[in-house]
Amino acid sequence: MTALGDGPALLYDTGSPVPGPGGIPVTYEQFATGSLPVVGVEALPVPRLSSGLKLHGEYQGSGFTEPKYIARRGDGQVVQLSRLLYLVASAIDGVNDIETISHRVSARYGRELSADNVRFLVEEKLDPLGVTVPEGKEEDEVSAPRSDLLLALKGHRIIFNERRSGRIARSLAWLHRPTVVVLMLAAAVAMDVWLFGFFGAVEPVLQVLDQPVLMLVVFALTVASLVFHEFGHASACRYGGARPGCIGCGLFLIWPSMYTDVTDIYRIGRAGRLRTDLGGVYFNVVFMLGMAGAYFATGQQFFLATVYLGHFEILEQLMPAVRLDGYYILGDLAGVPDLYGKIKPILLSTVPGRRGKAARAEVVGLKKSSRTIITTWVLTMVPLLIGELGYALWNLPRIVATMVRSLTDQVVGTGDAFAGGQIAAALMGVIGCFMLLCPMAGVVYLSLKMGGRVFRAAKRSTADKPRLRVALCALALLGLGSLSYAWVSGVTPEPLPKRPPIAPILQPGVSTAEPPARPATAPRPRTSPSDTSAALPSGAASSGSMAATAPSASASPSADASASTSPGASPSTKPTTPAGGPGATRSVSAGPPAGPSEPPGPSPSVSSSAPAPSTDPPTPTESVSATGAPSPATP
């Protein structure tokens, strides 16, 4: 007996049941296509990797005691995985189910893993990280959490895609050969000795500041040096055996910045990562040598001005405070990719209790050398950041007032330059406006970002503690109220006085004349009611209102001496430095101030002992002492 039955009548009878294994009825169509029903066996899921995921392998030169593995999601977020999770992710191909994956992982890991173990790792570990696609989701795009980095690049825009970046890196990789590097550095030392020791580095800068068109050229060359800087990172990554990604730009803190995707360097050694980190600064040196060569070929000093400004760019890049080249150099020396992510565990490790114990366990996971480097960096950077934040908040009114005033003058002057047909000067004014707007936008962005972080952290920490939340809100209101009172009452420093621009080229239409000096306020002597009555005659009651602003007139030397400033008298307002400069003094005469129509000459004296006769009744007068408090009225 065959599966088709004994007679030919069943040859095309695809709907009638035929005997199956164990007596289970099946149809001819199921038998012919191989889709026989499986009874009592659950279909195992087939996991899939998220779209754009790249597995970079083991993190070479890691500062952790346990090996770490790097994966990069399609949205650019880098994820650190343990060895087991990385083996599971590398065994997922979108075709085999978890049973087959468990066999593969068991063979590589050296320990037996069941299908349930693999399912748990996929659903509880890899899915939340965005490495795999959750079961039942048709699309490969996943929405996974990202690290909310405060000091990170925002608003990415690609300039050179991965293919073009690879071509540029291949063409410039030869510059990283050891012999070429030594020659370039030796030439840079010779260039600096000649520029700063013999020629003079400031003279080209002054010449550029005197010509707006040259300033535009230097600005364009500075932008070109930034692009060439990123070529250095990409070519160093290629020279070390890794594959560079795209080159783009974004907003870092308050300034537009460029970046290069070199995530693939995590799979090469520490020396290759340090070469990549230093590749941008090294290419700045190469660019400056090219500018020096252009000066010797043409004699144009604006090339040397570009060299001078390039030194400040290098110093800025080497600072480890923010996420610039110096930050990544220090991170690769420590073997930790994100130093800012270790600030919280380092600080919490000093707190006793359960939270401190968990943080200490994370800190112990670092090697001793790495832990020393990171702890030193944290203990240096945290007080510095807190101090800078407090200083900025204390001076916020003067910062805002000064920036608004400067931006107003800048916009008005630039508009006048355009209206007057001064195109070159107006374009420089546009650059100046841009340089003012970027810090203002950065201050607003950082304030909102940090305020939101503090609010969310406080909300999470007091979720189930209403009393603590009320106390925290009261403390916050007290702090904000005190700070607001300091801003309004004038306790904080006043805005900077208006001064002529240092670089008038960047501020067209802004007056370069020195503003008039603010009048100095001389201290007034402390007076008593008896002194006031002796100094003012009865017939001078109508001038009693002037006692708060003008010293009394006196005819005798003793009266003059009583009106002089004594060391114990404190002025009611802060004295300002006279126009004569520091150390210049301004004397205060005892006589009354001369009016605008009053001719110069001695004023008529008034005797305090013999007042002029008066028919008017005595009128109470009120004088103001030097401390600003009114003295008692005299009859």
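The values are calculated or read from the model by the stated rules, or taken from the named source; none is laboratory data. Everything numeric here is computed off the predicted structure, so don't read it as measured data. Cβ atoms come from the backbone with ideal geometry, glycine included; neighbour counts cover every protein chain shown. The accessibility values were calculated without ligands, DNA or RNA, using every heavy atom of the protein model including side chains. Shrake-Rupley method; radii C 1.70, N 1.55, O 1.52, S 1.80 Å.
With only Lys, Arg, Asp and Glu charged, each at its Cβ (+1 for the first two, -1 for the last two), find how big the charge dipole of the range 312-439 is about the Cα centre; round to the nearest 20 debye.
For this selection, approximately 1080 debye.
Across the accessible surface of the range 181-340, with the other protein chains kept in place and a 1.4 Å probe, carbon and sulfur atoms take up 71 percent.
So what's the gap between the Cα centers of the range 121-137 and the range 393-441, to the nearest angstrom? Value for the Cα centre distance between the two parts: 51 Å. When you count the other C-beta atoms within 10 angstrom of each residue and take the mean per peptide, 84-92, 60-68 line up highest first as 84-92, 60-68.
The trypsin sites (Lys or Arg not before Pro) of the range 343-406 that meet both conditions, a loop assignment by DSSP and at most 16 other Cβ atoms within 10 Å of the site Cβ, are Lys367.
For Ala321, nonlocal amide neighbours, meaning residues 5 or more places apart or on other chains whose placed amide H falls under 5 Å from its own, do not occur. Say R0 is 22 Å: what FRET efficiency, to the nearest 0.05, do Val180 and Val223 get from their beta-carbon distance? Calculated value: 0.30. Highest average first, the peptides 273-284, 124-135, 308-319, 172-183 ordered by how many other beta carbon atoms sit within 10 Å of their residues are 273-284, 124-135, 308-319, 172-183.
When the pairs Lys357/Lys449; Lys54/Lys137; Lys367/Lys459; Lys54/Lys357 are compared against a 23 Å limit on Cα-Cα distance, Lys357/Lys449; Lys367/Lys459; Lys54/Lys357 fall above it. Going toward the positive end of the dipole of the range 67-139, with +1 on Lys and Arg Cβ and -1 on Asp and Glu Cβ, which of Val118, Val79, Val133 do you reach last? Of the candidates, Val79 comes out farthest on the positive side. Other residues lying with their Cβ under 15 Å from the Cβ of Leu226 contribute a combined charge of -3, Lys and Arg counting +1, Asp and Glu -1.
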